[in-house]
Amino acid sequence: MKQYTLFIALIFMVLISFSCKKETSNEVKNKPYAIVLHGGAGYITPRVFPEEKKKQYELMLQKALEKGCSILENGGNSVDAVQQTISILENSPLFNAGKGSVFDNQGKNKMDASIMDGNTLNTGAVAGVSNIKNPIFLARMVMDSTKHVLLSGKGAEIFAEQHKIEFENDTYFYTKRQHDYLLKVQENERKIALKTSTKKFKKYGTVGAVALDKQGNIAAGTSTGGLTNKKFGRIGDSPIIGAGTYANNKTCGVSCTGTGEFFIRTLAAHEVSSLMQYTNATVKEAAQKVIHENIASLKGKGGLIVLDKKGNIAWNFNTKGMFRAYKKSSGEQKIAFFELEVEK
Ligand code: ASP
């Protein structure tokens with residue numbers, strides 16, 4: 001009899017735990033998710049981007065957004081969503097990352113990328129790497145397969161070879177647009193030296209993404225070719241955790257774009273998170289303050305995207321425009337290019 005009662009009790013326990021599990025997985029299934037991305041900030045105006053050209057960018061941003069959303073919708077994690085979304089933009093010649101990377105002073109493409117998991121605060125980054133098809137994959141590999149945070153140059157490339165990361169030859173990374181731009185910047189530099197020009201070219205195109213998955217985990221990532229005509233192994237903010245990229249489940253995820261030096265000096269991405277953590281600022285308030293006070297007070301230019309643990313999204317920039325887009329599980333979505341007033 002005793003055994004029989006025990007058996008019944010066991011059955012009950014199994015049934016209860018099964019129904020709880022079912023509830024939890026249903027709860028997770030219906031949890032909100034969101035993704036926000038950028039394709040760089042800079043001189044992005046309706047004159048430079050007429051309808052036809054704008055359409056091309058729009059399609060690519062939409063494609064990246066859909067990729068990230070499909071991963072999140074199917075219960076995938078935010079790190080995968082960020083990585084895959086960024087890789088779509090890296091594979092496009094339209095942005096200054098991966099295939100469309102700018103040329104440095106030696107006519108080479110040297111790329112930087114980083115990714116951060118806001119749940120564990122694990123992170124990986126690479127700086128000054130050449131011929132890597134998707135630097136964001138390499139950054140992820142650093143995060144998952146080493147105890148380090150940042151690998152650079154030749155060493156990072158050897159690590160990539162050992163981990164079967166895809167390489168491409170120089171011709172893959174050649175885009176006439178970026179090469180012409182290098183020649184233009186170099187010509188201008190000669191003129192500045194001769195004091196026959198005071199022009200400053202500012203053109204960006206770095207890519208980044210921040211995602212919140214159904215488990216409530218945030219991730220952020222950034223990938224770039226850096227600045228055209230950069231010299232002496234210059235590295236910007238994109239692979240510097242806390243400067244160009246940051247994610248923390250307690251607060252938010254952030255990806256920045258612009259003249260990296262200013263974002264390093266202000267630790268811009270981490271500053272957004274700190275403002276939220278210690279002053280209860282909203283995503284909107286924190287983004288506004290970092291761009292229009294911290295960055296602007298140093299005369300820096302650029303923008304950032306931010307997404308918090310509740311799925312609130314904000315973006316801000318002090319350039320003419322920023323390629324940007326977001327989509328939420330509710331279906332709400334937006335793709336935008338220009339200054340907010342121009343957009344209306
Ligand atoms: N932040 C990048 C860098 O300074 C450039 C960019 O965002 O376009 O390398």
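FYI, it's all coordinate maths here, none of it is from the lab. Not measured: the values here are computed from a predicted model. Cβ atoms come from the backbone with ideal geometry, glycine included; neighbour counts cover every protein chain shown.
Quick rundown of the values:
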read-out: Under 5 Å, built H, 5+ apart or other chain: amide partners of PHE338; value: MET322
read-out: Most positive-pole-ward Cα, GLY242, SER273, GLY225, against dipole of region 224-295 from beta carbon charges; value: GLY225
read-out: Length gained when the stretch LYS31-LYS164 is fully extended (0.36 nm per residue, less Cα-Cα span); value: 44.3 nm
read-out: FRET E, pair LEU183, GLU51, Förster distance 30 Å, beta-carbon r, rounded to 0.05; value: 0.60
read-out: Within the chain, helix-based [θ] at 222 nm, where runs of 4 or more DSSP H residues each add -39,500 (n - 2.57), nearest 500; value: -12500 deg cm²/dmol
read-out: Cβ-derived FRET efficiency at R0 22 Å, GLN215 paired with GLU332, nearest 0.05; value: 0.60
read-out: Mean Cβ count within 10 Å, highest first, over the residues of peptides 294-306, 84-96; value: 84-96, 294-306
read-out: Packing-based order for 64-71, 98-105, 141-148, 237-244, using average beta carbon neighbours within 10 Å, highest first; value: 237-244, 98-105, 64-71, 141-148
read-out: Cβ-defined net charge surrounding ASN77, 11 Å radius [Lys, Arg +1; Asp, Glu -1]; value: -2
read-out: Using θ = phi - 60° and Karplus 6.51 cos²θ - 1.76 cosθ + 1.60, couplings along region 316-324 (whole Hz; Gly, Pro as x); value: 7, 6, 10, 9, 5, x, 8, 5, 7
read-out: Rounded tilt (10° steps) of 135-145 against the dominant C-alpha axis of the chain; value: 40 degrees
read-out: Considering only region 186-308, percent of DSSP beta bridges that pair antiparallel, nearest 5; value: 95 percent
read-out: Tilt relative to the chain, helix 2-29 - C-alpha long axis, 0 to 90 degrees, to 10; value: 20 degrees
read-out: Subset of LYS67/LYS200; LYS29/LYS67; LYS154/LYS301 violating a 26 Å alpha-carbon distance limit; value: LYS67/LYS200; LYS154/LYS301
read-out: Given charges at Cβ of Lys, Arg, Asp, Glu: region 40-172 dipole, positive-most of THR146, PRO50, ASN91; value: PRO50
